[in-house]
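The values are calculated or read from the model by the stated rules, or taken from the named source; none is laboratory data. Since the structure is predicted, the reported quantities are computational estimates derived from the model, not experimental observations. Counting neighbours? That spans all protein chains shown, and the Cβs are built from the backbone with ideal geometry, glycine included. With ligands, DNA and RNA removed, areas are computed over all heavy atoms of the protein, side chains included. Shrake-Rupley method; radii C 1.70, N 1.55, O 1.52, S 1.80 Å.
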Amino acid sequence: MNAKNLSERLKQVASFVEENTILADIGSDHAYLPCYLVHTGIITKSIAGEVVKGPYESALKHVKSEGLEEQIDVRFGNGLEVICTEDNIQTITIAGMGGPLIASILEAGKEKLKTVEMLILQPNIHAKAIREWAINNNWNIIDEAILEEHSKIYEILVLKKGDMNLTNQELLLGPYLMKYKTEIFIKKWTNEIKEWQRIIEQLNKIAFTTEVQQKKAELEQKIAIVEGTL
Ligand code: SAM
């Protein structure tokens with residue numbers, strides 16, 4: 001993969017980026033996403049943030065090899081630490097990490113979100129953590145997408161500022177994804193149910209402690225939520 005031959009996952013993230021927005025891509029790795037967005041003319045200015053030396057150097061190298069140093073500023077640092085108010089960032093993308101890590105990056109960098117109008121987040125797992133963070137921090141989900149690539153299923157959440165209430169069902173499954181109910185969505189949650197049932201069977205074989213009982217009840221509740229939607 002490179003910026004000109006982007007993965008389907010990152011292309012879908014890119015499809016939500018509004019024209020000419022000032023973007024920060026956090027955890028950018030090779031900076032493929034900002035390079036693609038600049039090459040395709042969707043944006044003209046971006047920051048690419050990375051907290052690990054190797055990927056940071058890959059981003060620097062890739063941006064240089066694409067001749068995009070004027071447009072893409074690669075910065076080393078943890079989460080939103082790499083941006084400041086003067087950058088006037090309007091859109092933040094965070095892709096390819098777990099939902100809880102994405103939520104913790106947003107939580108730690110809350111102060112940096114004042115000028116930000118849109119968050120485009122692509123958790124690999126546990127998107128629910130992001131929906132919970134959004135509710136608690138007055139961000140509203142305005143769209144979602146789900147896709148499969150190389151046998152992995154990914155969700156994308158698009159947020160703008162605003163209040164939001166979600167039911168337990170919407171928190172787990174995604175308010176828009178539930179409505180769209182695509183084949184991939186059904187596949188993801190059918191697989192999850194099978195996995196939860198497998199865990200319940202394992203739990204049935206071990207000592208009947210309060211902890212085990214609680215875990216079983218939690219899984220049974222999730223199965224009921226998902227079955228009620230599919
Ligand atoms: N965003 C790219 C994508 O979706 O293909 C790269 C995803 S890669 C799996 C996750 C990247 O996030 C890694 O390069 C990692 O170093 C970086 N990362 C993890 N935690 C971070 C943090 N707190 N701040 C900045 N970057 C972070």
Equivalent ellipsoid, the chain (semi-axes from 5 times Cα gyration tensor eigenvalues, Å): 35, 18, 17
Please state, to two decimals, what the Cα-based radius of gyration of region 76-161 comes to when divided by 2.2 N^0.38 Å (N = residues). 1.06
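When the accessible area of region 186-227 is split by element with a 1.4 Å probe, what percent falls to carbon and sulfur? Can you show the working numbers first?
Details: 1510 of 2920 Å².
Roughly 52 percent of what the probe reaches on region 186-227 is carbon or sulfur.
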For K205, give me every one of the lysines with a C-alpha distance below 25 angstrom, ignoring sequence neighbours fewer than eight places off in its own chain. K194, K215, K216, K222
So how much accessible area does K215 have, in Å² to the nearest 10, using a 1.4 Å probe? 80 Å²
How much accessible area per residue does the chain have, counting only protein heavy atoms and a probe of 1.4 Å, in square angstrom? 51 Å²
Please give the Cα centre distance for region 58-124 versus region 1-53, rounded to the nearest Å. 10 Å
Using the Karplus curve 6.51 cos²θ - 1.76 cosθ + 1.60 with θ = phi - 60°, work out ³J(HN,Hα) for each residue of region 70-76 in order, rounded to whole Hz, and write x for Gly and Pro. 5, 8, 10, 9, 8, 10, 9
Highest mean first, what order results for 143-150, 50-57, 88-95 on Cβ atoms within 10 Å? 88-95, 143-150, 50-57
Most to least packed among 11-24, 158-171 [average Cβ atoms within 10 Å]: 11-24, 158-171
Using the Karplus curve 6.51 cos²θ - 1.76 cosθ + 1.60 with θ = phi - 60°, work out ³J(HN,Hα) for each residue of region 99-111 in order, rounded to whole Hz, and write x for Gly and Pro. x, x, 5, 4, 4, 5, 5, 5, 4, 5, x, 2, 4
